[in-house]
Amino acid sequence: MRYRNTWMEATVVRTQQVAANVMQLQIAPEKGMEKFTVGSHLDVSVLINDIPEIRSYSLVGSYDPKAPYTIAVKRLPQSRGGSQYMWRLKEGSKIKISQPTNHFELGFGAKNYLLIAGGIGITPIVGMAQQLAHRPEKQVNMLYLGQSSEEMPFIQELQELLGYRLTLHFSDADGLFDTARLLEMVDERTQVYLCGPIGLMNAVRKTWEQSPFENTNLRYETFGASGLFAPQKFMVNIPGYNKQIEVKENETLLHAMEAAEIDVMYDCKKGECGLCQVDILEYTGDIDHRDFFFSEAEKGENKKICACVSRVANGNITIDTAYRGN
Ligand code: FES
């Protein structure tokens, strides 16, 4: 049960590896480009084990009516197959894409900005840096974190754009970034835009919650939904349907429920909207909450789980859905 998205045919017109394990793809829709704002993403219809699924990729850079859409995809060995599908695309490949949609809109009301990108979370941040750097009345600083320079795309472009206002942090050489340092980079009027892996996002959110700064000054978007545990299979007991199902390591709870004809609402499939949440009645092991819908306190209670992204590690789970089987 999903709503939205008008799908259109498109062609991959260029592929280019822009960092170790990062492929940039330029995509031209047959009916022409739609204007988009920075922070927008495209949904792409991908095939995983011959089953159609949707993956979302941020558009890199600002809208240019003469240029195709640009996205960048990191190859993730532990992914369920979306990144492998995208990496198999060649110049000339036909795909289906959505219109650009923006859930991570850059506001221009502030004077000071801090952009924070972790790894492939750089993709929506590039366009924001371009937009802000070209407005002399704005002060923009950027923190870009990753494992090493080889793993991190667009460094050179960002250095040319931002100069000394770009801070790079390489975890291989510099170790773990201490998010408390962020508080030295901002004041109460700074707007912060953040995109990165779940560990970084959680650490920044925690630091922010403990700071005197307004929650609304920290804006973020997820990409993918990496967790604290490697994906592993688990069993799900659903007494309302009198069913027991297995969730394999390469599928989501939502997908396994749909395959078993268990009704569950969903929309974003990215752990953001909360529509797919189900009640946890019992569990063993650990609930690996990978969503950005529940607060840290709610996650700690382990009373609900977002079926589209979250998983169980080292155990099994009993859930209740809003629906009942016949
Ligand atoms: S469908 Fe949006 S959080 Fe799961």
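Table for the structure above
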item: Top-ranked residue in segment 230-248 [being part of a loop (DSSP other than H, G, I, E, B) and touching a residue at least 40 places away in the same chain (Cβ under 8 Å); ranked as farthest from the ligand (Cβ to nearest atom)]; result: Asn242
item: Where a residue in segment 113-142 is within 20 Å of Leu76 (Cα to Cα) and of a type in the set (S, T, N, Q) and its partner, wherever it lies, is open to solvent by less than 10 Å² (accessible area, probe 1.4 Å) and not in a helix (DSSP H, G or I), with Cβ under 6 Å and at least six apart; result: Thr123/Ala72
item: Odd one out for Gly227 among (1) within 16 Å of the ligand (Cβ to nearest atom); (2) assigned to a helix (DSSP H, G or I); (3) touching a residue at least 12 places away in the same chain (Cβ under 8 Å); result: (2)
item: Test for Asp263: is it more than 25 Å from Gly199 (Cβ to Cβ), within 14 Å of the ligand (Cβ to nearest atom), open to solvent by 20 Å² or more (accessible area, probe 1.4 Å) and touching a residue at least 12 places away in the same chain (Cβ under 8 Å); result: yes
item: Count of segment 272-303 residues which are within 14 Å of the ligand (Cβ to nearest atom) and at pLDDT 85 or above; result: 13
item: Residue that is surrounded by the fewest Cβ atoms within 10 Å (Cβ to Cβ) [pool: residues in segment 73-132 that are in a helix (DSSP H, G or I) and of a type in the set (Gly, Ala, Ser)]; result: Gly82
item: Single residue of Glu251, Glu258 found to be surrounded by fewer than 18 Cβ atoms within 10 Å (Cβ to Cβ), within 15 Å of the ligand (Cβ to nearest atom) and within 19 Å of Pro52 (Cβ to Cβ); result: Glu258
item: Of all residues making up segment 313-325, the number that are in a strand (DSSP E or B) and either open to solvent by less than 10 Å² (accessible area, probe 1.4 Å) or within 14 Å of the ligand (Cβ to nearest atom) (or both); result: 3
item: Filter result for Ala256 (among the small types (Gly, Ala, Ser), touching an Asp or Glu at 6+ places or on another chain (Cβ under 8 Å), free of Cβ contacts under 8 Å to residues at least 24 places away in the same chain and not in a loop (DSSP other than H, G, I, E, B)); result: yes
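The values are calculated or read from the model by the stated rules, or taken from the named source; none is laboratory data. Source: prediction; values computed, not measured. Backbone-built Cβ (ideal geometry, glycine too); neighbour counts: all protein chains shown. For the accessible areas, the whole protein counts, side chains as well, though only heavy atoms, and no ligand, DNA or RNA atoms are used. Shrake-Rupley method; radii C 1.70, N 1.55, O 1.52, S 1.80 Å.
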